[in-house]
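The values are calculated or read from the model by the stated rules, or taken from the named source; none is laboratory data. Keep in mind the model is a prediction, meaning the values are calculated, not measured. All Cβ positions, even for glycine, are placed from backbone atoms using ideal geometry, and neighbour counts span all protein chains on display.
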Amino acid sequence: MHDLKQVKLKLGNQYIISFTGLIEGEHSFEFDFKQEFFDEYELLNARSGNLNALVILYKKTNMLSLDVSLKGYLEVQCDRCLDFFRLPIQYQGELVVKFGEDSSGGNDEIWIVPPGEHQLKLQQYFYECIGLCLPISRMHPDHADGTSGCNEDMLRRLNSHSHDIHEEENDPRWNKLKDINK
């Protein structure tokens, strides 16, 4: 149990920006997402991935502005054939950090932090940004010739178990029910 806490602490420390010693102006930070990140956030349903985040921080006297861009891929399972494939991920967003006592006025794009705060913990923010990039249905992209990128053997098996809808339309038992309305 003690080792698990250490892993979570190390992971959390990787995605922190300390801004107290920074002069006013533009600063850039780069973050890489390793296997520990994907293990921590199992809800992403990613086996692995290679993601990079670039954060441009603009420090002003009374606020911080962050331009966040994520780029890379996640290795996810196809909903159709169940094989894994690389899903490209790309995100662009802006986060504004204001200083104040009332933290209830913030939202997803505006954080309000106490005046004595000296760092931004971005781990959860990155997780949410990645989650926004994931489509509801995850399927292999089609090949250039228009054929499916899914596992052909699995598609054949699926097609062998599907039935033809037109056969049901020609069933004579249903024709008698159509006459009820007349």
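Given the conditions (1) of a type in the set (D, E, K, R); (2) over 30 Å from L155 (Cβ atoms); (3) modelled with pLDDT of 90 or more, which single one is not true for R86?
(2)
Within region 127-143, restricting attention to residues that are in contact with a strand residue (DSSP E or B) (Cβ under 8 Å, 6 or more places away or on another chain) and assigned to a helix (DSSP H, G or I), which residue is nearest to C78 (Cα to Cα)?
The residue in question is C133.
Whether any residue in region 33-41 is farther than 16 Å from Y15 by Cβ, at pLDDT below 90 and surrounded by 14 or more Cβ atoms within 10 Å (Cβ to Cβ) is what I want to check. Can you show your working first?
Here is the first cut: in region 33-41, the residues farther than 16 Å from Y15 by Cβ are none.
The answer is no, given that none of the residues of region 33-41 is farther than 16 Å from Y15 by Cβ, at pLDDT below 90 and surrounded by 14 or more Cβ atoms within 10 Å (Cβ to Cβ).
Of the residues that make up region 79-102, is at least one over 22 Å from D32 (Cα atoms), among the acidic types (D, E), without any contact (Cβ under 8 Å) to a residue 60 or more places away in the chain and exposed (fewer than 15 other Cβ atoms within 10 Å of the Cβ)?
Yes, some residue in region 79-102 is over 22 Å from D32 (Cα atoms), among the acidic types (D, E), without any contact (Cβ under 8 Å) to a residue 60 or more places away in the chain and exposed (fewer than 15 other Cβ atoms within 10 Å of the Cβ).
Report yes if some residue within region 90-113 is among the charged types (D, E, K, R), in a loop (DSSP other than H, G, I, E, B) and at pLDDT 90 or above; otherwise report no.
First, the residues of region 90-113 that are among the charged types (D, E, K, R): 94, 98, 101-102, 108-109.
In the following step, the residues that additionally are in a loop (DSSP other than H, G, I, E, B) were identified as 101-102, 108-109.
Filter once more, so that each one left must be at pLDDT 90 or above: none.
No, every residue in region 90-113 fails to be among the charged types (D, E, K, R), in a loop (DSSP other than H, G, I, E, B) and at pLDDT 90 or above.
Residue check: is S69 part of a strand (DSSP E or B) and at pLDDT 95 or above? Spell out how you get there, then give the answer.
Working: part of a strand (DSSP E or B): yes; at pLDDT 95 or above: yes.
Yes; evaluated as a whole, the condition is true for this residue.
Please find, among N151, N159, N170, the residue that is surrounded by fewer than 10 Cβ atoms within 10 Å (Cβ to Cβ), modelled with pLDDT of 80 or more and over 30 Å from D67 (Cα atoms).
None of the other options fit; the residue is N159.
Has region 118-132 got any residue that is among the acidic types (D, E), within 17 Å of Y15 (Cα to Cα), at pLDDT 90 or above and within 13 Å of the chain's Cα centre (by Cα)?
yes
Of all residues in region 43-62 being more than 16 Å from L87 (Cα to Cα) and surrounded by fewer than 12 Cβ atoms within 10 Å (Cβ to Cβ), which is modelled with the highest pLDDT?
K60
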